Amino acid sequence: MKKIISVLMSIIIIITSFVILSAGNVAGAVMPPEIYLSAPNQHYIAGENITFDMKIPANVIENVVYVQLLIDCDTDVLKFISADQSKGELAVTETEKGYKIEYYPWAMATNTETFTATLTFRVEKGDIDVNAHALLQYSDSDTAAEARLAADLPPDTVYDAAEVPRLSITGDIAIYRKGNTIYLPYPITKSELKSKIRSTLKEYPAEYKVTNHTETQYALTDDELYINFDGRQGETVRISILGDANNDGIVTASDARKVLRYSAQLEPFPEFFDEGCDLDNNKGASAGDARKILRIASQLDSFDIPEFTIIEGHDLTVAKLLNAGSGLYNWRCTVSDKDAFEITEEITPPAEEDFKPGTPFEQTFTIKALKAGTYDVHFKLIANHEDEPIDDFHITVNVHIDLSVFVPLESD
């Protein structure tokens, strides 16, 4: 009997010790952040906007009465433009130290929803020193407390635009960019892609990043091109191969079959694949998309040249257009409204070691937008003495006014 009691006591002591140790581990554990604030792949550039993204996990926000984000900065250097959030209400106030941004997320979240918000600022020249912290008041408390905030913001340096490397499309008009995605209309190796999309500053070359697949020579959807600058990953673009539904880097009949399966809901349509495979713009996979891809794979059709959108006062560059016939045929650019653009042309001869009689020269057109509107821009390869071009193409250019500079700051 004594032995049994002794064994039981030992077990109780072991269990008690384990509970105490476990409690100690929990008490000493590093708690996850309650708020995430980031400005991924961005730098402070004078004369340009920068966005801060804020995220609060669902398990935090469902119990919160209000959130107060405090951004300490020089408001003459970092000027608040606008705020956008997924749900709830907000108030923005300029303070002596910077900005106080209050969110009231009551009745806006469930345990499956994450609260997201985007803050937009205009950067001006000057010394910048940005620091952020936050307060949270939970529903079971009468006072707010300092929140656990994880901030990933750019280094405190304001650059001139020319000092910051950008990713630049150096030629083929069929390759185009929308937002942070580069669209490619044909199979292309990674090395060839890096020759077409380069850094504007040679000392910071474009880097290629493979994501979610095994190594291959071809560029694939969801891979990335990026530039390392100032100790962090700078401008980054995602790659989307048009028509490549099975993500092997090329467009074949198997891609058309894949899209048909998506349209029949036999397979779930992968995230982002609608960007490259939704060719009829109906927000999903359809038989029409499959037909278009099949015609392209059979070389009976080609991808449409997209519309381009630029801000008034900014440029659109169309480069690497080759003349023909030993300079007899040259590209000309005309627009539907001659007052809408300022067009400049540059002709670049081939390198001396590559020059041969008849070698084509490269023509580059820079189109500066002068007024808002939608315009047709026509390029044609034509000789001076002829009326009909031997080649031509059209692009549509939408010119917008940069309204962000006119948005007033909310105040008390």
Problem set entry | Restricting the range 34-80 to residues that are assigned to a loop (DSSP other than H, G, I, E, B) and in contact with a Leu (Cβ under 8 Å, 6 or more places away or on another chain), the residue that is most open to solvent (accessible area, probe 1.4 Å) | Glu34
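Listed here are the residues, each with its yes/no results for (1) under 27 Å from Asp280 (Cα atoms); (2) without any contact (Cβ under 8 Å) to a residue 24 or more places away in the chain; (3) more than 20 Å from the chain's Cα centre (by Cα).
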residue	(1), (2), (3)
Pro185	yes, no, no
Lys194	no, no, no
Lys202	no, yes, yes
Glu207	no, yes, no
Glu215	no, yes, yes
Asp230	no, no, no
Asp248	yes, no, yes
For this session: Name the one entry in Thr221, Thr214, Thr189, Thr200 that is in contact with a helix residue (DSSP H, G or I) (Cβ under 8 Å, 6 or more places away or on another chain), on the phi < 0 side of the Ramachandran plot and either at pLDDT below 90 or open to solvent by less than 50 Å² (accessible area, probe 1.4 Å) (or both).
Result: Thr221
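One line per residue, one yes/no per condition, for (1) at pLDDT 95 or above; (2) surrounded by fewer than 16 Cβ atoms within 10 Å (Cβ to Cβ):
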| position | (1), (2) |
| --- | --- |
| Asn131 | yes, yes |
| Gln137 | no, no |
| Ser141 | no, yes |
| Ala144 | no, no |
| Ala150 | yes, yes |
| Ala161 | no, yes |
| Val164 | no, no |
Exercise. So which of Thr181, Thr157 is in contact with a Lys or Arg (Cβ under 7 Å, 6 or more places away or on another chain), in contact (Cβ under 8 Å) with a residue 60 or more places away in the chain and either open to solvent by less than 40 Å² (accessible area, probe 1.4 Å) or not hydrophobic (A, V, I, L, M, F, W, C) (or both)?
Worked result: Thr181
Exercise. Touching a Gly at 6+ places or on another chain (Cβ under 6 Å) and in contact (Cβ under 8 Å) with a residue 24 or more places away in the chain: does that describe Ile305?
Worked result: no
For this session: Search the range 306-357 for residues being farther than 28 Å from Asp387 by Cβ and of a type in the set (A, V, I, L, M), and hand back the single one that is modelled with the lowest pLDDT.
Result: Ala351
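The values are calculated or read from the model by the stated rules, or taken from the named source; none is laboratory data. This is a predicted model, so every value here is computed, not measured. Heads up, the Cβs are rebuilt from the backbone with ideal geometry, glycines too, and the neighbour counts pull from every protein chain shown. Quick note on the areas: whole protein, heavy atoms, side chains included, nothing else; ligands and nucleic acids left out. Shrake-Rupley method; radii C 1.70, N 1.55, O 1.52, S 1.80 Å.
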